[in-house]
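Trainee: Attaching a single structure in structure tokens format; questions to follow.
The values are calculated or read from the model by the stated rules, or taken from the named source; none is laboratory data. Model, not experiment: these values are computed from the prediction. When we count neighbours, we look across all protein chains shown, and the Cβ atoms used for this are built from the backbone with ideal geometry, even at glycine. Just so you know, the surface numbers come from the protein's heavy atoms only, side chains and all, with ligands and any DNA or RNA stripped out. Shrake-Rupley method; radii C 1.70, N 1.55, O 1.52, S 1.80 Å.
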Amino acid sequence: MAYFIIGGVASFLAVVALTVILFYMLRKNWNYANTTRVSFIAPILVVIVMIYIATTEFVPRVLDVVSVASRQFEMTEIDYQPSDVYQNKLTIDGRTYYYSPGTFEKGGQGRYQITYTPRMGYIVSASRLGDRTAP
């Protein structure tokens, strides 16, 4: 859970920092204090990055806080292969799950039952079911 909370705080701080940068750039535009031509369109780029971070990281985490507080998670079974993992991100059947280190057994590939948050896909717990494969 610590990684979920840290990620939520980090995404919130990123959105706040981008908002501060946006207002700084807009103030420069309003005061005609820009020194380069690129600085006129820089606020548009900041808004695009801010919207991307907000929609992919911050908003899903905020909506998942209700699930975490009420301890109501989604549950599914997956076939875990270490080759499916990239930077604590697991992609199976087009769905991406995020997890903290130590969630899966070291070198423990096989079938797992996982509980995860519905919007962000953060794995809360993983229980090994065995080495059988899905039919």
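Trainee: Can you give the accessible area per residue of the chain, in Å², using a 1.4 Å probe?
Mentor: Per-residue value: 66 Å².
Trainee: Can I ask one more? Need the C-alpha centroid separation for region 61-80 versus region 19-39, integer Å.
Mentor: 41 Å
Trainee: Roll a 1.4 Å probe over the protein heavy atoms and report the accessible area of Phe40 in Å², nearest 10.
Mentor: Here the accessible area works out near 110 Å².
Trainee: Another one. Tell me the mean residue ellipticity at 222 nm calculated for the chain from its helices only (DSSP H runs of n ≥ 4, each -39500 (n - 2.57), averaged over every residue, nearest 500).
Mentor: -14500 deg cm²/dmol
Trainee: Further, regarding this structure: Test of understanding: in a Gaussian network model of the chain with alpha carbons linked when under 10 Å, which of Asp84, Asp93, Asp64 would top the mean-square fluctuation ranking?
Mentor: Asp93
Trainee: Among (i) 20.5, 75; (ii) 20.0, 67; (iii) 13.9, 39, find the value of Rg and Dmax of the Cα atoms in Å that was calculated from the structure presented, and write down its label.
Mentor: (ii)
Trainee: Please name whichever of Pro82, Val66, Gly94 sits farthest to the positive end of the charge dipole of region 58-98, dipole taken about the Cα centre and charges placed at Cβ: Lys and Arg +1, Asp and Glu -1.
Mentor: Farthest towards the positive end: Val66.
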